[in-house]
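The values are calculated or read from the model by the stated rules, or taken from the named source; none is laboratory data. All of these numbers come straight from a predicted model, not from anything done at the bench. Cβ placement follows ideal geometry from the backbone for every residue including glycine, while neighbour counts extend to all protein chains displayed. Please note that ligands, DNA and RNA were not included when accessible areas were found on the heavy atoms of the full protein model with its side chains. Shrake-Rupley method; radii C 1.70, N 1.55, O 1.52, S 1.80 Å.
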Amino acid sequence: MLKKYTREFPENLKIAVPVMIGQVGQILVGLVDNIMVGELGAASLAAVSLGNAVFAIAISLAIGFSLSITPLIAESDGKNDTNTGTRIFKDGVWFCAIIGFLLYGLIKVIQPFLHHFNQPEEVVTLATPYLNLTAISIIPFTIFMAFKQFSDGMSATKYAMTATVTGNAVNIVLNYLLIYGKFGFPRLELEGAALSSLISRILMLVLLIFILKTKQKYLPYFKNFFQQIFSTNAISNILTLGFPVALQMLFEFGFFSSSIILSGSLSTEDQAANQIALNLASMAFMIAIGLGVTATIRVGNQVGKGNFKELIRIVRSILLLVFILELVLAVFFMTTNTFLPKVYINNETVITIASQLLIIVSWFQLSDGFQVTLLGVLRGLQDVNIPTVIIFISYWCIGFPICYTLGKADLLGAYGIWIGLLVGLFASSAMLFARYRYLVWKKSK
């Protein structure tokens with residue numbers, strides 16, 4: 001019985017692993033950033049956390065709009081329709097470039113309001129120059145995501161992985177040089193971390209474009225790249241999928257970023273511990289994202305071929321695989337919860353709080369894995385409006401009120417915030433699965 005699903009594991013992993021490596025690579029850079037910044041003290045670590053919370057809003061919208069490219073390219077690839085794919089690719093890149101500049105403006109608008117978030121004044125002071133430089137990097141990042149989603153939609157996930165891993169390696173080296181001022185470089189501390197991210201994101205974009213243009217298969221897509229842009233049909237399709245997906249990402253990133261704001265209202269130590277737990281949870285999340293992207297690509301291909309029986313079998317194989325991987329990660333976090341925080345910082349209070357939070361992190365891996373994979377499935381089916389409503393209800397009508405209520409200092413504090421995150425993820429995965437089952441039933445009728 002299981003064999004008809006497990007035999008799809010190699011194909012699933014062939015697509016997913018490069019995405020996982022690329023995504024985990026980015027999180028590892030965040031891990032290295034946090035470790036290096038953690039050496040400067042809890043206030044510096046909390047400042048990076050606060051700055052990244054604001055940046056996450058822009059990141060969520062950038063990823064959301066670019067994600068619309070993947071299922072459209074996958075469908076056109078399934079139909080062998082290069083003309084449609086070229087229009088989607090070209091218009092998607094130009095559209096994301098415009099979005100990048102708009103998101104830079106959004107960050108600059110939000111930045112002055114950091115003082116009104118009930119954060120420690122020392123943390124806000126440190127976060128401001130860090131965010132100034134980080135904000136610029138949203139422009140190359142958004143354009144990079146457009147090229148990445150095109151490559152992913154063509155089932156060529158390894159190219160974006162190569163660019164990402166290379167950029168991340170450069171980022172780590174530059175962090176060491178610029179944060180601490182090694183080998184004659186200026187000691188820029190938090191600004192050095194932000195400058196490193198900016199340089200690495202530009203490098204990732206340039207490298208991915210170079211790789212794609214050296215492949216004969218993709219040359220037709222670059223033809224007349226600067227001509228006849230913004231066709232009505234292509235932009236309409238991108239916006240129809242992209243806007244709801246961008247809202248999904250905004251609701252999700254905003255939900256998790258709210259934990260940073262809420263923990264910051266408790267203490268600098270709580271905020272630093274929250275950042276450690278969030279960073280480690282993000283690593284597991286990026287593994288699930290690999291399977292979510294796989295689901296979008298493979299489901300999109302089957303939609304293009306009109307083979308819904310095969311679509312259902314593939315989805316079941318991906319859900320089984322994500323269950324196995326997330327269960328392993330849950331056990332890992334459960335057994336290493338007291339050790340992992342010590343890698344980040346030498347502060348007993350922060351370590352104690354973070355180790356408690358990792359107990360909850362270990363439990364919500366399964367819900368987190370299922371919800372991101374199911375979102376990938378639904379995007380492959382080009383069903384985005386109802387999932388957007390589900391995400392909003394799960395996170396902001398169910399999860400956030402629990403975070404806010406239980407996260408008060410006189411109740412459970414940071415632990416209560418993470419209980420709210422767990423409940424929100426569980427509600428999301430349950431409702432998204434119900435939506436998928438409904439669509440399967442509808443197709444079968």
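Here are some notes:
So that you can scan it fast, the table gives a plain yes or no per residue for (1) touching a Ser or Thr at 6+ places or on another chain (Cβ under 7 Å); (2) buried (at least 24 other Cβ atoms within 10 Å of the Cβ):
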position: 369; (1), (2): no, yes
position: 372; (1), (2): no, yes
position: 376; (1), (2): yes, yes
position: 379; (1), (2): yes, yes
position: 387; (1), (2): no, yes
position: 396; (1), (2): no, no
position: 401; (1), (2): no, no
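- Apart from one condition, residue 421 fits all of (1) touching a residue at least 12 places away in the same chain (Cβ under 8 Å); (2) outside any helix (DSSP H, G or I); the exception is (2).
- Helices (runs of 4 or more DSSP H) lying entirely in segment 152-269 (those with 1 or more residues that are under 20 Å from the mean Cα position of the chain (by Cα)): 157-180, 190-213, 232-264
- For segment 292-305, a residue qualifies if it is more than 13 Å from the chain's Cα centre (by Cα) and buried (at least 24 other Cβ atoms within 10 Å of the Cβ), and the qualifying residues are 294, 295, 296, 297, 298, 299, 300.
- Qualifying residue in segment 115-125 (condition: at pLDDT below 85 and out of contact with any helix residue (DSSP H, G or I) (no Cβ under 9 Å at 6 or more places or on another chain)): yes
- Number of residues in segment 422-445 that are in contact with a Gly (Cβ under 7 Å, 6 or more places away or on another chain) and not aliphatic (A, V, I, L, M) equals 1.
- In segment 263-285, residue nearest to residue 51 (Cα to Cα) [restricted to those that are open to solvent by less than 30 Å² (accessible area, probe 1.4 Å) and among the aliphatic types (A, V, I, L, M)]: 272
- Filtered by the rule that a residue be crowded, with 24+ Cβ neighbours inside 10 Å and more than 14 Å from residue 198 (Cα to Cα), segment 133-158 gives 145, 146, 147, 148, 149, 150, 151, 152, 153, 157.
- First in segment 235-257 and over 12 Å from residue 65 (Cα atoms), second anywhere and in a helix (DSSP H, G or I) and hydroxyl-bearing (Ser, Thr, Tyr), Cβ under 6 Å, 6 or more apart: 251/395; 253/60; 255/395
- Selection status of residue 358, open to solvent by less than 10 Å² (accessible area, probe 1.4 Å) and under 25 Å from the mean Cα position of the chain (by Cα): yes
- Scanning segment 424-445 for residues that are among the hydrophobic types (A, V, I, L, M, F, W, C), in contact with a Leu (Cβ under 7 Å, 6 or more places away or on another chain) and open to solvent by 20 Å² or more (accessible area, probe 1.4 Å) yields a count of 2.
- Taken over segment 314-355, the criterion of being touching a residue at least 40 places away in the same chain (Cβ under 8 Å), charged (D, E, K, R) and open to solvent by 20 Å² or more (accessible area, probe 1.4 Å) is satisfied by 316 alone.
- Condition met for residue 173 (among the aliphatic types (A, V, I, L, M) and open to solvent by 10 Å² or more (accessible area, probe 1.4 Å)): yes
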